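J.: Here it is, the structure, as structure tokens.
The values are calculated or read from the model by the stated rules, or taken from the named source; none is laboratory data. Because the structure is a prediction, the values reported are computed rather than measured. Because the Cβ atoms are built from the backbone with ideal geometry, glycine has one as well, and the counts that use them run over all protein chains shown.
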Amino acid sequence: MKRLLLFISFLMSLISLSAQNDYYMRQARLYQRDAEYYTKQAQGYDKEVANYNRQAQGYLQEAEYYSKRERYDQARTYQRKAKDAMNRAKSYKRKADNARNRAKSYMRKAENALINAEK
């Protein structure tokens, strides 16, 4: 993704600006900015996924601890907390995937705008 951003930036610097080309260049810059926004958003969601997965792992360890000591009510509580954390991780993973797809879409739009600017 970073290579594609650099490539588009390089192409934008090479293209001469005229009245019609200027419009497409502005559009390409806007689309590129939107793609960067969604890429950063996806990275933030990925961090949340990692945090919830770590949290779920900790809850499972607690559940195992209480299960060995035959404190099954507490073990079930921690198993439920682990399941909730895993569900939250799945939810954030979906959000990250959607943000990445949006970023790809905006990169395609930026690429098309650059192609139109060359015409």
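Results for (1) in contact with a Gly (Cβ under 7 Å, 6 or more places away or on another chain); (2) farther than 12 Å from Ala103 by Cα; (3) not small (Gly, Ala, Ser), shown as yes or no for each residue.
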position	(1), (2), (3)
Gln43	no, no, yes
Glu48	no, yes, yes
Ala56	no, yes, no
Leu60	no, yes, yes
Ser67	no, yes, no
Arg71	no, yes, yes
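J.: Pairs needed: first member in the stretch 90-101, of a type in the set (Phe, Trp, Tyr); second member anywhere, surrounded by fewer than 18 Cβ atoms within 10 Å (Cβ to Cβ); C-beta distance under 7 Å; at least 6 residues apart or different chains.
T.: Tyr92/Glu48
J.: Filtering the stretch 8-37 down to residues that are among the aromatic types (Phe, Trp, Tyr) and farther than 11 Å from Met107 by Cα, which residue is modelled with the lowest pLDDT?
T.: Going through the qualifying residues, I end up with Phe10.
J.: Is it the case that some residue within the stretch 59-72 is of a type in the set (Lys, Arg) and within 13 Å of the chain's Cα centre (by Cα)? Lay out the reasoning, then the answer.
T.: Here is the first cut: in the stretch 59-72, the ones of a type in the set (Lys, Arg) are 68-69, 71.
Okay, now just the ones that are also within 13 Å of the chain's Cα centre (by Cα), so none.
So far as the stretch 59-72 goes, no, none of its residues is of a type in the set (Lys, Arg) and within 13 Å of the chain's Cα centre (by Cα).
J.: In the stretch 85-103, what residues are within 11 Å of the chain's Cα centre (by Cα) and among the basic types (Lys, Arg)?
T.: Lys93, Arg94, Lys95, Arg100, Arg102
J.: Does Lys40 meet the test of being out of contact with any Lys or Arg (no Cβ under 6 Å at 6 or more places or on another chain), within 23 Å of Lys104 (Cβ to Cβ) and at pLDDT 95 or above?
T.: yes
J.: Quick check on my filter: what residues within the stretch 28-52 are buried (at least 16 other Cβ atoms within 10 Å of the Cβ) and either of a type in the set (Gly, Ala, Ser) or within 18 Å of Arg94 (Cα to Cα) (or both)?
T.: Within the stretch 28-52, Ala28, Ala35, Tyr38, Thr39, Gln41, Ala42, Tyr45, Asp46, Glu48, Val49, Tyr52 meet the criteria.
J.: Among Glu111, Glu62, which is the only one that is part of a helix (DSSP H, G or I) and either touching a strand residue (DSSP E or B) at 6+ places or on another chain (Cβ under 6 Å) or modelled with pLDDT under 95 (or both)?
T.: Result of the check over Glu111, Glu62: Glu111.
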